[in-house]
1. Would you check if there is a residue in region 134-143 being modelled with pLDDT of 85 or more and either closer than 23 Å to Thr76 by Cβ or assigned to a helix (DSSP H, G or I) (or both)?
2. Go through (1) surrounded by fewer than 18 Cβ atoms within 10 Å (Cβ to Cβ); (2) modelled with pLDDT of 90 or more; (3) small (Gly, Ala, Ser) and name the single condition Gly121 misses.
3. Where residues in region 71-113 are without any contact (Cβ under 8 Å) to a residue 24 or more places away in the chain and among the basic types (Lys, Arg), which of them is surrounded by the fewest Cβ atoms within 10 Å (Cβ to Cβ)?
Amino acid sequence: MQIHYIAKSEDFYKSKEQAQAYLDMFESKDYSKRMVSGEFGLLQNNMETILEKFSNQTHYVDLGPGNADKSELIITHAKKQDMIRLYTAIDIQQMYLEIAKEKIENLKVPVKTLETTFETGLEQLKNDQTQKFIYLGATHCNFKPEEINQTLIKNM
């Protein structure tokens, strides 16, 4: 198997057609059965460990929220324990930001959206000294591992 990385990740999902095609994948039974249920199971089985990383004032940062379903799950559990101060979604696709905003606002959590690259968005949040939980989800697949790791380390 050969792995291909996108040279400029900011070009991925930039068009509404690309963004919608990604969302449409979730409607596919094969994708849903193989990927989505596996991700949800992984999160649910490790929720206690995940929540150990939260404080009572955690700033949840969602890099590439997509349809925000996994973040919605985590935040629902964290909210029950009064651990969330703010949710920030960072993406270059306005469609994903709107979906994430609607889902998370329904949980009665303050929401901020940044329509920009991960690098720029994280840089904008760097001065916020509250504890952050950064959720990358499957978005990491759009980057070379060393590039996304450096972006995260540089902006922590």
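The values are calculated or read from the model by the stated rules, or taken from the named source; none is laboratory data. Small disclaimer: the values here were computed from a predicted structure and weren't measured. When we count neighbours, we look across all protein chains shown, and the Cβ atoms used for this are built from the backbone with ideal geometry, even at glycine.
1. The answer is yes; a qualifying residue exists.
2. The failed condition is (1).
3. Top of the filtered list is Lys80.
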